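To keep things clear, I will list the structure first and then write my remarks on it.
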Amino acid sequence: MLDKHDKAGIAVEETAEVLTSNMKKMETAVEQLAGNWGNSASQLSDKLVKTIADLEERFGTKLQDMTQSQQSNISELKSTFDQQIETVQGKLADSQSSSEAEEQQQK
């Protein structure tokens, strides 16, 4: 009977050792998985920050280009408007001169 108990005890000890070994392997695998997830999360975070910075730079550049283009368009419109005003003022002055000359000829 004692042999049976000894054999059973040995089997229990061997099983406990196998379970302990397997649990250590599982713990190592979980730690590695956690490390991999941590690295992946860090890499993803870095890529996200880089992408956001890139988009901000592109948006800023496009916005600056649009602003410069609008300022150029405004300058061109102002120049055209100023030229038209000068033309109208010149025609008005010519018209007034002609009217004054006609009035003096009639007198």
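The values are calculated or read from the model by the stated rules, or taken from the named source; none is laboratory data. A quick note: this is a predicted structure, and the numbers were derived from the prediction, not measured. Heads up: the accessible areas ignore ligands, DNA and RNA and are worked out on the full protein's heavy atoms, side chains in. Shrake-Rupley method; radii C 1.70, N 1.55, O 1.52, S 1.80 Å.
By the equivalent-ellipsoid construction on the alpha carbon gyration tensor, segment 66-107 comes out with semi-axes of 40, 4, 4 Å, ordered largest to smallest. Taking only protein heavy atoms and a 1.4 Å probe, the accessible area of segment 20-107 is 55% carbon and sulfur.
Counting only heavy atoms of the protein chains, get the accessible area per residue of the chain (1.4 Å probe) and round it to a whole Å² value. Working shown, then result.
Numbers: 10120 Å² over 107 residues.
Counting only protein heavy atoms, the per-residue value for the chain is 95 Å².
The angle between the Cα long axis of helix 2-106 and the longest principal axis of the Cα atoms of the chain comes to about 0 degrees, rounded to the nearest 10. In the chain, the DSSP-assigned H stretches of four residues or longer account for a calculated mean residue ellipticity at 222 nm of -38000 deg cm²/dmol, using -39500 (n - 2.57) per stretch and the full residue count as denominator. When the alpha-carbon atoms of the chain are used, the pair Rg, Dmax equals 45.5, 155 angstrom.
For the chain, a Gaussian network of Cα nodes joined below 10 Å ranks N36, N22, N73 by mean-square fluctuation, and the top entry is N22.
Could you state, as a whole-number percent, how many of the C-alpha pairs of segment 1-51 are farther apart than 14 Å?
Working: 886 of 1275 pairs.
When every Cα pair of segment 1-51 is considered, 69 percent fall beyond 14 Å.
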